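Just so you know, all these numbers are worked out from the coordinates, no wet-lab data involved. Every value quoted in this text rests on a predicted model; they were computed, and no experiment measured them. Because the Cβ atoms are built from the backbone with ideal geometry, glycine has one as well, and the counts that use them run over all protein chains shown.
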Amino acid sequence: MAGAIAGGLTLLAGQSTGMAGLAALALATPLALFGGLYSMLLGHGVFRPGTFGPVGLYWMAAFPVSRLAQEILAPTGALLEGVGPFLAYQAMIALGFAIGFLWVHERLMPHWLLRRAGDNPVAQELLEKYLRFARVVRARKSTRKGGR
């Protein structure tokens, strides 16, 4: 989705369709790779469902690298002030991206895991983690409602 948005913004900025496609692909590819790595790490227990802190730190590193790759492949002039300030700004933006990524990921991943759990033991194990997390959230909500 971020790649499509980057392509659309490039078109709005008056760039050619080819440049918009390049900008979209240059951002979408590294973000997809880092998103896939996040899913693999989640499956192997490095991350837990429902936690933002570690995910935020992960994307504070991964998002600037993705943006730097995009800027190298489809330059817009954002590096004129130097790589350091560019990466620092992208790290700040990364937290907003991490919130959106986690929100979308936690809504889509369980549905995908339901389809894969029958023939993939790692998917089954991760689905069970999501189900435990959902039970904890439900229990906390019912406790709060009961206390009011």
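Computing semi-axes √(5λ) of the Cα gyration tensor in Å for the structure here picks out one of (1) 35, 18, 14; (2) 26, 19, 13; (3) 24, 16, 15, namely (1).
Assign unit charges at the C-beta atoms only (+1 for Lys and Arg, -1 for Asp and Glu), then state the dipole size of the stretch 2-147 relative to its Cα centre in Debye, rounded to the nearest 20. Walk me through the numbers on the way to the answer.
On the way: 13 positive and 6 negative charges, 208 e Å.
So the magnitude is around 1000 debye.
Candidates PHE86, VAL104, ALA117 compared by Cα position along the dipole of the stretch 2-147: farthest toward the positive end lies ALA117, with charges placed on Cβ.
When the Cα positions of TRP59, ALA139, ALA20 are compared along the charge dipole of the stretch 2-147, ALA139 comes out farthest toward the positive end, with charges on each C-beta of Lys, Arg, Asp and Glu.
Listed peptides 136-143, 109-116, 125-132, 66-73 appear in the order 66-73, 125-132, 109-116, 136-143 once ranked by packing, highest mean of other Cβ atoms within 10 Å at the front.
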